[in-house]
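The values are calculated or read from the model by the stated rules, or taken from the named source; none is laboratory data. These numbers come from a predicted model, not from an experiment. Here Cβ is always computed from backbone atoms with ideal geometry, including for glycine, and neighbour counts include all displayed protein chains.
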Amino acid sequence: MPRSVLVTGGNRGIGLAIARELSAAGDLVAVTHRSGQAPDGLFGVTCDVTSQESVDAAFEKAEAEHGPVEVVVANAGITKDTLLAMMKEETFTDVIDTNLTGAYRVAKRAVRPMLRLKRGRIILVSSVVGLLGSAGQANYAASKAGLVGFGRSLARELGSRNITVNIVAPGFVETDMTAVLTEEQQAAIQKQIPLGRQAKVGEVARVVRFLASEDASYITGAVIPVDGGLGMGH
Ligand code: NDP
C-alpha cells in the first residue's frame, strides 16, 4: 500500500530530492512550498513552518489528497550566519523559529493521526554543525542541536506506539544553501571532509528513504550522519 508522505521545504534542494526518492519508491508524496509552484509531478501544498495554522492547513490538504500522513520529513530550514558579537536577537530567534520550532509545529500536527494509525515515521533534518558547532552559525547550530534532543524525546514518547523518530545530520551538501559560500570558504570546508567532496542531494535522500522504509523498523532516536566523515560519528 502506498503511504501518505509529507516533506516540508520539498520544492528544492535536499527536500525535493527526498520527495522524488520517496515518490519513486511508490509513496504518495506531498511537498510544501512557501511560494511559487509545486515541483513538476509532485503534489504541492503551500506552507510556512513559522505558522501553526499554515502547517495545519498543509496537513489537511495532504490528508484530503493522500490520506493520513504516515511519514513526515521536517526538512525546511534557513541560515542567517553572523558572529555572535554582530548577531541581533531576531537573527537568532528567526533561525530557531524556522528550524526548531518549525519542526515542533510539524511533528505536533503529525502525531495524532499516527497514534490513531498505530504507525508512523518522523524524520528530522539536522546538520553536522549541530553536533560540531560552527563559528558564525551559533543560531543555526543551536537549532540543529535542538532537533537532536527534541527528536530523541519524541522517540521515547512514541516508541511504544510503533512510531519511530530519527534525525539525519548531513554535512556539506550541494544546494542553494551552500552555493552562497565563497569559493575559499567551500575549499576550506572541503579540506576537512575525509571523502574530499560535497554530498549530492540524492546521497542524503536515499538515507531518508531507508529510515522511512520497513528495513529501518527497529531504528529510533538515532542520529545518522551523512557527512563524508566530517563529523566522525558525532
Ligand atoms: P535550501 O535553502 O536549498 O532549501 C530550503 C528549503 O526550506 C526550501 O524549500 C525553503 O522554501 C524551505 N523553507 C525555508 N524556510 C521555510 C519556512 N519558514 N516555511 C516553509 N519552508 C521553508 O536548503 P537545503 O536543501 O540545503 O537544506 C534543507 C535542509 O537540510 C535544511 O534544514 C538545512 O538546514 C539542512 N542541511 C543542509 C545542508 C547543506 O549543506 N545544504 C547541510 C546540513 C543540513 P522556499 O523555497 O520557499 O524558500
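Data table
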| item | result |
| --- | --- |
| So ALA58, is it closer than 14 Å to ARG109 by Cα, assigned to a helix (DSSP H, G or I) and at pLDDT 95 or above | yes |
| Elements of type helices (runs of 4 or more DSSP H) in the range 101-209, at least 2 residues being more than 28 Å from GLY67 (Cβ to Cβ) | 128-132, 138-158, 176-179, 183-191 |
| Selected residue (criterion: farthest from the ligand (Cβ to nearest atom)) from residues of the range 101-128 that are closer than 21 Å to ALA17 by Cα and not small (Gly, Ala, Ser) | ARG121 |
| Selected residue (criterion: nearest to the ligand (Cβ to nearest atom)) from residues of the range 21-50 that are crowded, with 22+ Cβ neighbours inside 10 Å and part of a helix (DSSP H, G or I) | GLU21 |
| Sole residue being under 18 Å from the mean Cα position of the chain (by Cα) and either farther than 17 Å from LEU16 by Cα or at pLDDT below 95 (or both), chosen from VAL165, VAL204, VAL208, VAL180 | VAL165 |
| Top-ranked residue in the range 184-210 [being of a type in the set (D, E, K, R) and under 15 Å from VAL7 (Cα atoms); ranked as surrounded by the most Cβ atoms within 10 Å (Cβ to Cβ)] | ARG209 |
| Contacts under 9 angstrom Cβ, first residue in the range 157-178 being closer than 17 Å to PHE210 by Cβ, partner of a type in the set (Ser, Thr, Tyr) and assigned to a strand (DSSP E or B), 6 or more apart | none |
| Answer residue from the range 69-117, given it is of a type outside the set (A, V, I, L, M, F, W, C) and in contact with a Phe, Trp or Tyr (Cβ under 9 Å, 6 or more places away or on another chain) and is farthest from SER4 (Cα to Cα) among those | ASP81 |
| Selection count, the range 145-173, where residues are surrounded by fewer than 19 Cβ atoms within 10 Å (Cβ to Cβ) and either in contact with a strand residue (DSSP E or B) (Cβ under 7 Å, 6 or more places away or on another chain) or aromatic (Phe, Trp, Tyr) (or both) | 1 |
| Flag if THR82 is assigned to a loop (DSSP other than H, G, I, E, B) and hydroxyl-bearing (Ser, Thr, Tyr) | yes |
| Filtered residues of the range 146-203 (kept if more than 23 Å from GLY13 (Cβ to Cβ) and small (Gly, Ala, Ser)) | GLY149, SER153, ALA155, GLY159, SER160 |
| Cross-chain or 6+ apart pairs with Cβ under 9 Å, the range 114-131 first and free of Cβ contacts under 8 Å to residues at least 24 places away in the same chain and of a type in the set (Phe, Trp, Tyr), then assigned to a loop (DSSP other than H, G, I, E, B) and more than 16 Å from the ligand (Cβ to nearest atom) | none |
| Filter pass, GLU214 being without any contact (Cβ under 8 Å) to a residue 12 or more places away in the chain and farther than 23 Å from TYR104 by Cα | yes |
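Every residue, every condition in (1) near the ligand (Cβ under 9 Å from one of its atoms); (2) over 18 Å from the mean Cα position of the chain (by Cα); (3) farther than 26 Å from VAL128 by Cβ, yes or no:
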{"position": "ALA57", "(1), (2), (3)": "no, yes, yes"}
{"position": "GLU60", "(1), (2), (3)": "no, yes, yes"}
{"position": "GLU63", "(1), (2), (3)": "no, yes, yes"}
{"position": "GLY67", "(1), (2), (3)": "no, yes, yes"}
{"position": "VAL73", "(1), (2), (3)": "no, no, no"}
{"position": "THR79", "(1), (2), (3)": "yes, no, no"}
